[in-house]
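For reference, the structure is listed below as structure tokens.
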Amino acid sequence: MKPLMNDVLLRALLRQPVPYTPVWLMRQAGRFLPEYRALRAKSGSFLAMAHSPDLATEVTLQPVERFNLDAAILFSDILTIPEAMGLGLRFENGVGPVFEKPLQDEKTVRMLQPVDLEKLSYVMDAVSSIRRALSSRVPLLGFSGSPFTLACYMIEGRGSRNWLTVKRMMYARPDLFEHIINVNVDSVAAYLAAQISAGAQAVQIFDTWGGCLSAEMFRRYSLESMRRVIERLPKEHEGRRVPVIVFTKGGGLWVRDLAGIGADAVGLDWCVSLSEVRKAVSDKVALQGNLDPAVLLAGETVVRQEARKVLESYGPVDGGGHVFNLGHG
């Protein structure tokens, strides 16, 4: 592979000098782009696109072709792992992801084994295809859901506001819950390592639902599981450091903890102050974020105004350390 023409994002994540603040957006590939909607209609479903390396490549590149972004992010879904485990994933209109075989009894939980990466080979094929198509213009980000967030969907069977089925098992049968977390740690670590081997130049762990936990349970099940994943990831590939980003939505209370688990960067939602977090973590990690996604609905003048506030909140970036992004997808 030839050297990257634009490596500003990777340098910012590693807190190295940068000429400007790099930007990529969570969910930048899809939904809002007319070319995405046209491809979605043609392919028939979201999963059909995610399962096709060629279509995933096309969708990943669409926003990079249209906007001056500093990274591409793999077009996929955080639920590829439990789907490959045989839980029967489908997407229902107005509902979202639904699993036909949620883990709600002891027998099914005890039978759960780490994912067979062969069943996810289409993801690695997509990563390799995207790297070739990018032709070293910008780096490619891979990703996975966190072990806890995956467990939420695997147990509840669908999205939830309060995750009562998940929390019931977590408190009443911690032995079963810990088995699921342990299997997910093995699976996520292997999955991200495979993405890196296939060509991902940085990876993000989406801990979408970690913020629903108490402080004790967050540290026990979400934070610790992500630490164990990061511990197992290759630190370098292709002669270059592979940065790891962790993002816990609603995790502002625990930024110091998140900064201490071995990640290179911590993603932040819009509910925290970048300047305050920067003071709290010093130069231990880079920070990513944190524009409120709702701002995008308010028109260009407001978007520019609020984006400028984010940059001013972080402060000078001569020494790197900030990646502009949304506070969520």
Using alpha-carbon pairs under 8 Å, 6+ residues apart, how would you state the relative contact order of the range 59-195 in percent?
-> 31
With the dipole of the chain defined by +1 on each Lys or Arg Cβ and -1 on each Asp or Glu Cβ, the option from ALA259, SER313, LEU134 whose Cα lies farthest towards the positive pole is SER313
Take the chain, connect every pair of alpha-carbon atoms lying under 10 Å apart with a spring to form a Gaussian network, then pick out the residue of PRO22, PRO243, PRO234 with the largest mean-square fluctuation.
-> PRO234
For the range 31-82 the trypsin sites (Lys or Arg not before Pro) that pass both the DSSP coil test and the at-most-15 other-Cβ-within-10 Å test are ARG31
Scan the chain and hand back the longest stretch that contains none of the chymotrypsin sites (Phe, Trp or Tyr not before Pro) lying in DSSP loops with at most 15 other Cβ atoms within 10 Å.
-> 68-329
Accessible carbon and sulfur surface of the chain relative to its total accessible area, %, 1.4 Å = 51
Accessible area of the chain divided out per residue, in Å², using a probe of 1.4 angstrom = 43
What is the ratio of the Cα radius of gyration of the chain to 2.2 N^0.38 Å, where N is its residue count, to two decimals?
-> 0.95
Sequence-distant lysines (8 or more away, or on other chains) whose Cα lies within less than 18 Å of LYS309 = LYS279
Mind checking the dipole of the range 167-225: about its Cα centre, +1 per Lys or Arg Cβ, -1 per Asp or Glu Cβ, Debye to the nearest 20?
-> 180
When the Karplus curve 6.51 cos²θ - 1.76 cosθ + 1.60 is applied with θ = phi - 60°, which whole-Hz ³J(HN,Hα) does each residue of the range 86-101 get, with x for Gly and Pro?
-> x, 7, x, 7, 9, 10, 9, 4, x, 10, x, x, 9, 9, 6, 10
So how much slack lies between ALA48 and LYS107, counting 0.36 nm per residue of separation and subtracting their Cα-Cα distance, in nm?
-> 18.1 nm
Separation in nanometres of the label points that stand 7 Å from Cα toward Cβ, at CYS271 and MET5 | 4.1
Work from the charge dipole of the range 240-327 (Cβ charges, +1 for Lys and Arg, -1 for Asp and Glu, about the Cα centre) and give the residue of LEU297, SER275, VAL323 farthest towards its positive end.
-> VAL323
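The values are calculated or read from the model by the stated rules, or taken from the named source; none is laboratory data. Note that the structure is predicted; figures quoted are calculated from it, not measured. Counting neighbours? That spans all protein chains shown, and the Cβs are built from the backbone with ideal geometry, glycine included. Surface areas here come from the heavy atoms of the whole protein model, side chains and all, with no ligands, DNA or RNA. Shrake-Rupley method; radii C 1.70, N 1.55, O 1.52, S 1.80 Å.
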